[in-house]
Structure formats: structure tokens, C-alpha cells
1. Compare Ser148, Ser267, Ser118 in a GNM of the chain, Cα atoms joined below 10 Å, and give the one with the largest fluctuation.
2. Taking the Cα centre of the chain as the origin, how large is its charge dipole in debye, to the nearest 20, when only Lys and Arg (+1) and Asp and Glu (-1) carry charge on their Cβ atoms?
3. Please report the relative contact order for segment 33-180, taking Cα pairs under 8 Å with a sequence separation of at least 6, and give it as a percent rounded to a whole number.
4. Starting from the Cα coordinates of segment 187-447, work out the convex hull volume and express it per residue in Å³.
5. From the mean inverse distance of alpha carbon pairs (Kirkwood) and the Cα radius of gyration, derive Rg over Rh for segment 226-272.
6. State the answer as a single residue: which of Thr160, Val112, Cys200 lies farthest towards the positive end of the charge dipole of the chain, with beta carbon charges of +1 for Lys and Arg and -1 for Asp and Glu, about the Cα centre.
7. For a quick check, take a GNM of the chain with Cα springs below 10 Å and name the residue from Thr12, Thr197, Thr400 with the largest mean-square fluctuation.
8. Quote the FRET efficiency, to the nearest 0.05, computed for Ala402 versus Asn351 with a Förster distance R0 of 30 Å and r equal to the Cβ-Cβ distance.
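None of the figures in this text is laboratory data; all of them are computed from the coordinates on show. This is a predicted model, so every value here is computed, not measured. Because the Cβ atoms are built from the backbone with ideal geometry, glycine has one as well, and the counts that use them run over all protein chains shown.
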Amino acid sequence: MKMPVTPQKLATYLDTHLECDCGHEHYASLKAVKVGEGALNELPALVRELGFKHLYLIADTITNKIAGERTMEILNNAGIKATIRVLTHAAFDEATVGELLIHKPADCDVCVAVGTGSINDMTRFFSFRCGLPFITVATAAPMDGFASSIAALNVENLKTTFPAQPPTAIIGDTDILKNAPYSMIAAGLGDLLGKFTCLCDWKLAKIIINEHYCANIVNLTEDCVQNVLAGADKAKDRDPKVIGEIMEGLVLAGVCMSLAGNSRPASGCEHHMSHYWEMMFEQAHKRPAPHGIQVSVATVLVLKLVEALLKRDIDFNAARAKAKAYDRAAWEAEINAAYGPAAPGVIAMENKAKKNDIEGCLARIDAIEANWEEIKGLLAALPESENVANLLKGLSAPATPAEIEVEGEMLKRTFLYCKEVRDRYTIFQLAWDLGLLDELSDEVIASL
Ligand SMILES: [Zn+2]
Ligand SMILES: [Zn+2]
């Protein structure tokens, strides 16, 4: 089938090989997504359609109460064989894997994650290692990781990611999702807000470093986020329609990553800020704010930086002079100070990526200058930071870094060095290429 040029319903993009005018073939292995009021009731029909005979449900004591008991009742009433394991070892570590293995029915042919976050990750991993598919019954929609194919587990007391698999089907019953803690609803919306800046990053990469780009995937994501935002103020009333749209938007973001074959459609500089904060909190043995909340705060900061950049008259020759003065040894010293024990990994990545090397930077400055009007147009089309901040405040969600305990030196270092967590062209790399990242971030911090 041809990849649609105008955005279609989510189902159009599932388990179908799509030939695209971007030159790539896109594919997402997810087979079914049911989102809406009473969607859980569709599980028996879905299970029959997919041909599964014995379901192994995985829940913890909380998600069992929220959705596990109800799911078992629906399956039992429909005459579908199901076994549930309510975890007694819920640290999502080696003991959890052991518990799941010990109690796994010999003839089960599919696992079902009843929950979000860690339960999904554990089921994603466990089912993958057992050679079984899995289905997600979501109990909240706080981030876009549903369709992901990697899993984070605690192994030897360290959060470690492992290859795993995306689910075969996802169920988001809004009768369940609307009762999720309010902070989770705001977090889900926050993760979607970050799509504006990450898609802008991708557009910049296309223009400046000629990266492969798919306009159809970008339009699909943008269309979905705009649609969700139109009703976002009703999220605080737990409006089931809006909650369903957030859930579907988060699933779609995951599907778009599968289609693209990388995380460009869903993660950019706003996520790099969040990754840096995660690392810093982990090093300080502190718990960071939920992922989606971090992303929404970061999005406001990126938008402020863009606004400060757009006010400048760019002196491209000054940028070239600055690029030529790049001092690799000084950079390494700064990375050591900013990343602590994580610095060697960051430095090793730059050794391969060479994104800060003088020659590459000068070539990019030429490309930026040649396309400056188009680039300015892209940046100017982003939402206003004030509007996004007001939307967050209206939802009683944090809108400033201080509200999530990111302040002072850590905040400044985030602006300067978060781009080093990935080899990826972003708005921050653009500001760095122009020799303005330092000044602009001071301006943004002073305005907070
Ligand atoms: Zn995210
Ligand atoms: Zn494409």
C-alpha cells in the first residue's frame, strides 16, 4: 500500500507495509489499538481474532485492582482461558523475572501487561525472552513508550535497557484511564507537547545536514498533536474524549517511531534536556519528575530559546570565527564537570559523531546561512512559549524548571551540554553552531 499523504486514522498505519514518496518503506508491527469508553470489553473479540488461547496476565497489586480483576472477569465470562500473576516481587528486577517464570502456565500463548511503565517494560521483556507476543491493557497514559521495542529493568541494582518487542495490541479503556492520578494525565499531554520542537529538529536536520526526512510521518504526528491540543483544557475535567485522544496520540507517536525506524518523530532537544535531568537526578540519588512533566517543562525552555534566537541579527562571520576557535580539550573538561561519572560515554560518542569538529561546523554554518529565511520561518511557526506555559498552568502542571527542582548550575549546564547525550541535529546544535548557545541560554534563564 502507498503511505497516505494526508493523515488517516491510526488503524491505517498498523501492520501494513507502506511505500512512501520519501523513498523508504514504512512498517509498524502493532496490529490493533482499541481506545475509548468500554474498550476493555473488546478484548475477548480481539483475542479470538488474533487466535490466542491462553492468556498470562501480569499485574501488581495496584493495577490488579484498577484493571486486572475486571479483565479476568471479562475473559472468564467470554470463556477465554486466562491466568493472572499479581506480582509479589515488584521491584522489576531479577526476582520479578523469576517470579513470572515460575508461575508461567506451560501452554500460555500470549502475555498481557496490565499497567503502564514498569509493568509494560517487564512484560515486553519477559514475553520477548519467552518467544511469546504480548498485549497491553493500559491503566494510565503518561508517556509515548507503549509501542517501544526496548525495556528498562533493574539489573544488579542498575536501571538497564534491553532489546525487547513492541506489543501486538494495545487497549486504552477511557473508563479506566480517566481515573489515573492527575499528574499522569498531565504527563501524557506533556510528552505530546514536546512533539512540536522535536519535529522542528528533524526539519532543521533535513535542511542543514541533509538527513533523511519523511514529510508524511511529520504531518501525521503534527496533525494528531494539534488535534489533541485543541481540547487539552478539558483534560483537567477528566473528559473521556480528551483522555482517549491523549492516549491515542501517545500510541501514534510510538507508531510513528516504528514507521520512521528511529525516534525522530517523537524525541528531540526537549527529550535531551529530560535525559540530562534523569542522569543528574540518578547521580544525586533523587527521584526526578515524571518523564512527560520533564518534557513539557523542557519544551517551554526550548521555545523561549527559539524566541531569543529569532530576536537576533545573525552574524555568520562571527559564528565562523567562533567555530574555528573550538578547543576540544576545554570541551572535554566541561563535559567531565557537567556529566560526572557519565562523561566517558558522552566523550566516546563525540569521538564517533564528531559533531563539534571545526570542519563540520563550518559546513553547517554555510548551510544555515544559505537557508536562513526558511529556517527562521520554521522557528517562527513553533507555538509561543507563553501559550504552552499557560496551558500547563491551567492543568496545574509544572511549567518552570524550578518547579521540578532544576535550577542554578544544573539548568545552565542542561542548555549547554544536553545536546551531547545523542548524535542528533537539534535546535540546541543550531544555536551552538551559530556561537549563541551560551548567550541565549543566559537570556532565557534570566527571564524565568
Ligand atoms: Zn517522551
Ligand atoms: Zn516516508
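1. Residue with maximal mean-square fluctuation among Ser148, Ser267, Ser118: Ser118.
2. In debye, rounded to 20, the chain gives about 780.
3. Relative contact order for segment 33-180 comes out at 29 percent.
4. 122
5. Rounded to two decimals, Rg over Rh is 1.07.
6. Checking the options against the dipole of the chain, the answer is Val112.
7. Most flexible of the set in this elastic network: Thr12.
8. After rounding to 0.05, the efficiency reads 0.30.
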